[in-house]
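I have placed the structure first, in the form of structure tokens, so that the comments after it can refer back to it.
Please treat every number below as a calculation from the coordinates, not as lab data. Everything numeric in this text was worked out from a predicted model, so none of it was measured. Cβ sites come from the backbone with ideal geometry, for glycine too, and all protein chains shown count toward neighbours.
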Amino acid sequence: MAASRPSPAGTDVSGRPTRLRDAGLDGFFHPRVVAVIGASDAERRPNTAMWRKVNAWGEKAGATVIPVNPGRTELDGKPCVASILDIEGPVDLAVILVADAVGMFETVLQKAPRFAVIFSAGFAEIGEEGEALQARLDALLATTATRLLGPNTNLNAFENFRDDLPGPAIALVTQSGHQGRPVFQAQDFGVKLSHWAPTGNEADLEFADFARYFADQKEVGVIAGYIEGFKDGRTLMLAADHAARRKKPLVLVKVGRTDAGASMAKSHTGHLTGSDKVVDAVFRQFGVTRVDGLDELTDTAAMFARTTRPKGRGVCIYAISGGTGAHMADLCAAAGLSMPELAPRTQKALHQWIPTYLRVSNPVDNGGPPSSDERGRKIIDAILADPNVDLVICPITGALASMSVPLSRDLVEAARTTRKPVFVVWGSPDGNDPAYTDILLPGGIPVFRTFHNCVQAAKAYFDYWDFQARYESPFAEVPTTPLPAARKVAPALASVSGGRALSEVDSKAVLAAYGVKVSRDVLCGTPAEAVRAAESLGYPVVMKIASPDLLHKSDLGLVRVGVRSAPEVKRTFAELMEASAGARAGRGRSPHARPQIDGVLVCEQAKGGVECVVGVSHDDLFGPVIMFGLGGVFVEVLGDVTFRVPPFSRDEARRMVREVAGFALLEGVRGGRPADVDALVDTIMKVQRLALDQAGAIAEIDINPLLVRPKGKGVVALDALIVGR
């Protein structure tokens, strides 16, 4: 089997890449010669505006921009050529604006530019006809070293960004040009933007290529994105890892949370959206901040660009109204933010300037008037100097100019004296107030228009830097050669190709080969054999039908628990065999086929522990995905499960276990003994390795229940199912 061979260089044991390609994007953003094919100067034609956009960008970048149009000899004062083949010397970038984009791309490839852009739509996003056109494009790309942006993209990469704003900057990746517009327009409010990559259908250049490049740029402080779907789950993980290792936050809107959103994303860009729960898990693994709105994307990205690593997690709320402070405190507490009391000496100092009847422990309520005079700055300085404070949030909900102007000025000036961030919420509906437009926006501090965006950005800030403090790349050491167990289990897995399932006996044998502890079971063909097995295991026992075709035996009444005597064993054996005769075969078999019955399985009845579930599924985008949850009602009714995508570390597996709402049961409740979480984590890691080694052979693994015994007693798989691909 392929699973028993070492992987090619640059891939792990599952055949997925372990490093990103270098697309050489510096040549895209800094070309020397640019050809614009389909350039026009006709009034009211879209191509005219696009030609002039690229031309202005190229001239600012110091590039030679050449219009290509067989109907012109000159365009806007520049010599125009009939074909890109008429250009002397090499071309770095070809921008294709004509309708027959694929036909023109064939011609362009004769010139072999380093990069090309296809603007037009009508490819995989429109269905079968477009998919055929994109397949033709893919075939061309397979023959060339030219890198392609698009198709179904726009010209946002050729915007002229403001160069008068302080950095660090936001770099932007979008799969819809319009959805990136709010981030681009944030330049009007003093937020620096350095790059914009509109990736479209990603026939070649993809999100991961640009995320890698942007993470390597010194001027970039944060990468923001609007994503409808990822071209490849592993390259997403590698790009996020690359950004994490360079301490460049990734903030993304990722659509597809719902079936409706996923359907629209497919029709728009032709991407796979992937299971949303799995995408969420990958984001948690790699420290990606996921936001929902474009306003939140802009606010959170700008916040990261304007802040540095905190020393702690303490938040202080400073307000000119007790009601405002209470409201903000409630939202911060609900988000899990820490609001420690200020040090006694700080509170004493604050009461020099704030009446003693007002609260100064946290939140700090100054009552209003101190903001209008010299007391305002002294209050802010004292709060920032407090050792328990790592972030100050000041909500301004619509104060009088006599207060808001000096308060805003004091906040901006104080923020320049410290590395502790100062967040300001301008909650007034007046977006033209000078305190907002002339002081806060150009002040270089994070400014928000809503309490919600401010609180979520604060949470993202602390969560990201907590992630950074613990992060170690899982790609530093990845398995490239299967374990010896892979060869041992290969025949069994080969027998269930095509979506059939292994029997419980064989499924447990595969798990055992990878070191997973399984229950003591005996397969019996007669009642007498079953009695002998029960007596050797010790009463009571569990009895169940052994069949690779009956996957949910409990639902079919084919499991008996607590069988306590020889007569009961014989009676149960007969009942199970009779009940199985009328059952229908499961997946991979004709629905009318009679199930294969191997006999009755007599199993030890383990007790004393917490029932959990560990599973593996195959995601079209990410490949093997590991699932963990607590058993019983937690998984069946509440869906209390969490996911991780390999490769991940033992520490990440432990965080996975702690994520489920029912984790308290594993810690021990109502006098119960703590469960053996270390053994549970060991099992998750073993299942992960099995999933990687056998990525091409296994579609699903379901260990349910996995009994996690008291601490020091280990775990045992009481039931197991493995389904082939």
Signed unit charges on C-beta, dipole axis of the chain, positive-most listed residue VAL255, PHE189, GLY672: GLY672
Treat every Asp and Glu Cβ in region 26-149 as -1 and every Lys and Arg Cβ as +1, leave all other atoms uncharged, and give the resulting dipole magnitude about the Cα centre to the nearest 20 debye. 420 debye
With the alpha-carbon atoms as the only input, what is the per residue convex hull volume for region 520-604 in Å³? 75 Å³
For the chain the mean separation of alpha carbon contacts under 8 Å (6+ apart) over residue count, i.e. relative contact order in percent, is 10 percent
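Calculate for the chain the 222 nm mean residue ellipticity that helices alone would give, adding -39,500 (n - 2.57) per DSSP H run of length 4 or more and normalising by residue count, nearest 500 deg cm²/dmol. Show your work: numbers first, answer last.
Working: 23 runs with 254 residues, N = 725.
Taken over the chain, the calculation gives -10500 deg cm²/dmol.
When Lys and Arg each count +1 and Asp and Glu each count -1, what net charge do the other residues less than 15 Å away from LEU75, Cβ to Cβ, add up to? Don't skip to the end; give the middle numbers.
On the way: positive: ARG45, ARG52, LYS53, ARG72, LYS78; negative: ASP41, GLU43, GLU59, GLU74, ASP76, ASP86.
Here the charged neighbours net out to -1.
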Which labelled figure in (1) 3, 14, 23, 25, 19, 10, 4, 1, 0; (2) 3, 13, 22, 26, 22, 11, 2, 0, 0, 0; (3) 3, 12, 18, 19, 17, 14, 10, 5, 2, 0, 0 is P(r) over Cα pairs in 10 Å bins from 0, in percent, once derived from the coordinates: (3)
Please quote Rg/Rh for region 315-470 to two decimal places, taking the Kirkwood radius as Rh and restricting both calculations to Cα atoms. 0.94
Can you tell me the 0 to 90 degree angle between the C-alpha axis of helix 677-693 and the longest principal axis of the chain, rounded to 10? 80 degrees
Taking every other residue with Cβ under 15 Å from the Cβ of LYS53 and scoring Lys and Arg +1, Asp and Glu -1, one gets +1
Along the positive direction of the dipole of the chain (beta-carbon charges: Lys, Arg +1; Asp, Glu -1; about the Cα centre), which of ALA717, GLY662, GLY623 reaches farthest? ALA717
Measure out, as a whole number of angstrom, how far apart the alpha-carbon centroids of region 405-479 and region 645-698 sit. 36 Å
What is the helix-to-structure angle for 46-60, meaning the angle in degrees between its Cα long axis and the longest Cα principal axis of the chain, kept from 0 to 90 and rounded to the nearest 10? 80 degrees
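Counting Lys and Arg as +1 and Asp and Glu as -1, each charge on the Cβ, what is the dipole of the chain about the Cα centre in debye, to the nearest 20? Please report the intermediate quantities before stating the final value.
Working: 81 positive and 83 negative charges, 416 e Å.
Roughly 2000 debye for the chain.
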Specify the angular offset, from 0 to 90 degrees and rounded to the nearest 10, of the alpha carbon long axis of helix 650-659 from the longest principal axis of the alpha carbons in the chain. 90 degrees
Give the percent of DSSP beta bridges with both residues in the chain that are antiparallel, rounded to the nearest 5. 45 percent
Placing unit charges on C-beta atoms (Lys and Arg positive, Asp and Glu negative, everything else neutral), compute the dipole magnitude of region 315-470 about its Cα centre in debye, rounded to 20. 300 debye
Cleavage-rule hits (trypsin sites (Lys or Arg not before Pro)) in region 594-656: DSSP loop, at most 16 neighbouring Cβ within 10 angstrom: LYS607
Loop trypsin sites (Lys or Arg not before Pro), region 396-484 (other Cβ atoms within 10 Å of the site Cβ: 14 or fewer; DSSP): ARG416, ARG419
Among PRO369, GLY336, ALA319, the residue whose Cα sits farthest towards the positive end of the charge dipole of region 315-470, when +1 is placed on the Cβ of each Lys and Arg and -1 on the Cβ of each Asp and Glu, is GLY336
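Classify region 1-133 as rounded, prolate or oblate, taking a ≥ b ≥ c as the square roots of the eigenvalues of its Cα gyration tensor: rounded when a/c is under 1.5, otherwise prolate if a/b is larger than b/c and oblate if not. Numbers along the way, then the final one.
Working: a/c = 2.75, a/b = 1.88, b/c = 1.46.
Prolate, because a/c is 1.5 or more and a/b exceeds b/c.
For every other residue with a beta carbon closer than 13 angstrom to the beta carbon of LEU718, add +1 if it is Lys or Arg and -1 if Asp or Glu, then tell me the sum.
Values: positive: LYS508, LYS517, ARG520, LYS544, LYS553, LYS607, ARG709; negative: GLU504, ASP521, GLU604, GLU611, ASP702, ASP719.
That sum, taken over residues with Cβ under 13 Å, equals +1.
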On a 32 Å Cα-Cα criterion, which of the cross-link pairs LYS247/LYS277; LYS508/LYS711; LYS78/LYS218; LYS218/LYS459; LYS247/LYS348; LYS247/LYS488 come out too long? LYS78/LYS218; LYS247/LYS348; LYS247/LYS488
